[in-house]
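Encoded as structure tokens, the structure appears first; notes follow it.
Just so you know, all these numbers are worked out from the coordinates, no wet-lab data involved. Keep in mind the model is a prediction, meaning the values are calculated, not measured. Glycine also receives a Cβ, built like all others from the backbone with ideal geometry; neighbour counts cover every protein chain displayed.
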Amino acid sequence: MRYPPLLIALFIAMLLKPFAEGTGATIPGSLFPILVFATLIYAFRYTRALALCLTVLGVAAVTLRFLADQQRLPTLEFLSQGLSFIAMVVAMVAMFSEVLRARSASRDLVMGAICLYLIIGLAWTFLYYSIYLLSPGSIFVSPGTSTRTALGSEAKFTEVLYFSFAALTTIGSSGEEALTPMVRQLAVVESAMGQLYLAVLISRLVGFSTSGDAKST
């Protein structure tokens, strides 16, 4: 099975990262991207061109992120986030194509579909955070110091991650809103994308079930 490691890595990145920050634990910022990229490449290891593309993007993104943390250079962090966004979009297209071309609903396919939903939210997170790096006042961020530190950047990224998944799942963001019309519109697009994807996924699963029942009779 290809997708269980990726699913576990995504949940670890989304759950353990905020927990570590809340407890004051120091975890390198590049650790979670390495985990996600490694399992993503593992999932597509049989598609050499795609695996190579993700490897190049992943290595470049993680390297730039490491250098950005060491040298405190927002430009490098912006490039890292941009490459991560591109990598997530490439993975999204490949996984969505696989879901549409599937002829049966295997357990691996269902796990892959769940991973795709989480990757959609993660891709938007990288996009939002890139916008934040370009214009810090464009995304909702809790009041705090304006000094850029590794710990501060991680905390802001976690807030943007929450904002992204709040938009994707349409649960709202606890009364906080994006501060610019552009980001509000992007959040609407993300919400629509999430709902349309769920509608397509459910229709595919129902189609698989219906087809299986017809064959059995």
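Let me check I've understood the local charge: for T63, count other residues with C-beta under 13 angstrom from its C-beta, Lys and Arg +1, Asp and Glu -1. What total comes out?
-1
Rounded to whole numbers, the Karplus 3J(HN,Hα) couplings from phi for the stretch 183-189 are 6, 4, 5, 4, 5, 5, 4 Hz, using 6.51 cos²θ - 1.76 cosθ + 1.60 with θ = phi - 60°, and x at Gly and Pro.
Using the per-residue mean of other Cβ atoms lying within 10 Å as a proxy for protection, in what order, highest first, do the peptides 104-114, 79-89 fall?
Highest-to-lowest ranking by the protection proxy: 79-89, 104-114.
Peptides 197-205, 1-9, 160-168 ranked from most to least packed give 160-168, 1-9, 197-205, packing being the mean of other C-beta atoms within 10 angstrom over each peptide's residues.
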